[in-house]
1. List the relative contact order of the chain as a percent without decimals, with contacts defined as Cα pairs under 8 Å and 6+ residues apart.
2. Going by a ≥ b ≥ c, the root eigenvalues of the Cα gyration tensor, does the chain fall in the rounded group (a/c under 1.5), the prolate group (a/b larger than b/c) or the oblate group?
3. What accessible area per residue comes out for the range 69-112, rounded to a whole number of Å², with a 1.4 Å probe?
4. Under a 10 Å cutoff between Cα atoms, tell me which one of F91, F103, F23 has the largest fluctuation in the Gaussian network model of the chain.
5. Place a +1 charge on the Cβ of each Lys and Arg in the chain and a -1 charge on the Cβ of each Asp and Glu, then give the dipole magnitude about the Cα centre in debye, rounded to the nearest 20.
6. Working out 0.36 nm times the residue gap between H89 and W28, then minus their Cα-Cα distance, what length gain in nm do you get to one decimal?
7. What fraction of the DSSP beta bridges in the chain is antiparallel, stated in percent and rounded to the nearest 5?
8. Hey, any idea what % of the chain's accessible area is carbon plus sulfur with a 1.4 Å probe?
Amino acid sequence: IKLDGGTHVEVGDLANFDRTDKFSFGAWVNVASKDAATVLSRMDDATAFRGYDLLLVGGKLTAHLVYRWPDEALHVVSKVEVPVGKWTHVFATYDGSSKAEGFKLYIDGKKVDYD
């Protein structure tokens, strides 16, 4: 599937994880710029944006886990940037701890530090 700007794929009620579940998510990306982009997202607007996402913000890999936005949410941002113009694998794991330290971020299979 090739996704161009503004395009998304709806997959229905899949991957409905809770903040105490262990889960992983990621994708292959080839970004043309450091502009903000959503890689993967499952958010429920009706329940204060409960869900999770993997984003690129300013070229950096960013992950959220939200129970109730913005008061009950985890947010981590990689210290390194995702390369522009190159196929890159981005991935996040979460250990179900309800703590930011429970996230691990990976770029091309290498664990990266985050803020």
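1. Across the chain, relative contact order equals 25 percent.
2. oblate
3. 56
4. In the Gaussian network model the winner is F23.
5. 400
6. 21.5 nm
7. 95
8. Carbon and sulfur: 52 percent of the exposed surface of the chain.
The values are calculated or read from the model by the stated rules, or taken from the named source; none is laboratory data. Since the structure is predicted, the reported quantities are computational estimates derived from the model, not experimental observations. Reconstructed Cβ throughout: ideal geometry from the backbone, glycine too, with neighbour counts over all protein chains shown. These area figures cover heavy atoms from the full protein model, side chains too; ligands, DNA and RNA do not enter into them. Shrake-Rupley method; radii C 1.70, N 1.55, O 1.52, S 1.80 Å.
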